[in-house]
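Chemist: If you scroll down you'll find the structure; I have some questions about it.
Any read-out appearing in this document is the output of simple, stated calculations on the displayed coordinates, not a laboratory observation. Treat the numbers as computed from the prediction; the structure is a model and nothing was measured. Positions of Cβ are backbone-derived with ideal geometry, glycine not excepted, and every protein chain shown enters the neighbour counts.
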Amino acid sequence: MADVSDLIQLGSRNDRPKRPAPDQLELKFSDEAVKQLDALRTHYPTEKACILPGLWIAQREYDGTLTPEAIAETAHRLNRSYAEVEGVATFYSMYNTGHKVGKHMIEVCTCLSCHMCGAYRIGDHLKEKLGIEFGETTEDGLFTLHEVECLDACDRAPLLQVGDEYIGPVTPDDCDKLIAALKDRPDSSVVKLADEIVKVHLKADEK
């Protein structure tokens, strides 16, 4: 009889990072983050309903990436299971769960309007300039490059998104200038985006 290890693997192996053991969980939310989560919690009927904004807080607090530790801390603070919070985090593409992202994420829209206006040429130029493919991060940890679906700004095709900014229409020369400007930028556009979204949630709950 064949050994279990010899059975045919259907699909890719589950190589997702493992959750930390409960007794090894180190809480990293800042005092301000805890206050913000408490404020958000009071405006939702259940703690389950607070998972989405809670994950944005976690993404900001964990430098732009929802690591297993970030997901575990969110689950702990909202009294939810790790599996439930992980399921939410991995369902939405704006949460960064696949791998550690760079300080700046450059997202290239390749839907119809942008495609017709040269989005893939822009994407190829960025790949060559950064030395990475879509879905990868540069070795210095500065840039992550992603291909994304419609950003709903077809009048600016071809369009890029960096953090909370839409940039377009762009040329290869514009891309070179953008990369140079981002290298000199002290803050992380990925973290800034998460922070802006948290602020939007807090303001919405004040109404």
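Chemist: Give me the percent relative contact order of segment 104-185, please, defined on Cα pairs under 8 angstrom at least 6 residues apart.
Modeler: Over segment 104-185, the number comes to 37 percent.
Chemist: Quick one: plug the Kirkwood hydrodynamic radius of segment 104-185 (C-alpha pairs) into Stokes-Einstein at 4 °C, 1.567 mPa s, and report D in µm²/s. Kindly include the intermediate steps, with their values, before the conclusion.
Modeler: Details: Rh = 12.4 Å.
In µm²/s, the coefficient is 105.
Chemist: At 7 Å along the Cα-to-beta-carbon direction for both residue 35 and residue 149, put a label point, then send me their distance in nm to one decimal.
Modeler: Roughly 3.8 nm, to one decimal.
Chemist: Using only the alpha-carbon atoms of segment 42-161, report the extent along each of the three principal axes, biggest first, to the nearest angstrom.
Modeler: The principal-axis extents, from largest down, are 47, 32, 20 Å.
Chemist: In the set [x] 49, 41, 35; [y] 94, 50, 28; [z] 65, 51, 31, which value of Cα extents along the principal axes in Å was calculated from the structure you see?
Modeler: [z]
Chemist: Right, next: For a paramagnetic label modelled at 7 Å from the Cα of residue 164 toward its Cβ, which residues of segment 182-206 fall within the zone defined by backbone nitrogen distances under 19 Å?
Modeler: Correct set: 182, 185-206.
Chemist: A further question follows. Quick one: check the C-alpha center-to-center distance for segment 49-99 versus segment 159-192, whole angstrom.
Modeler: 26 Å
Chemist: If you don't mind, another one. Please tell me which of these pairs span more than 24 angstrom C-alpha to C-alpha: 100/192; 177/199; 28/127?
Modeler: Where the Cα-Cα span goes over 24 Å, the pairs concerned are 177/199; 28/127.
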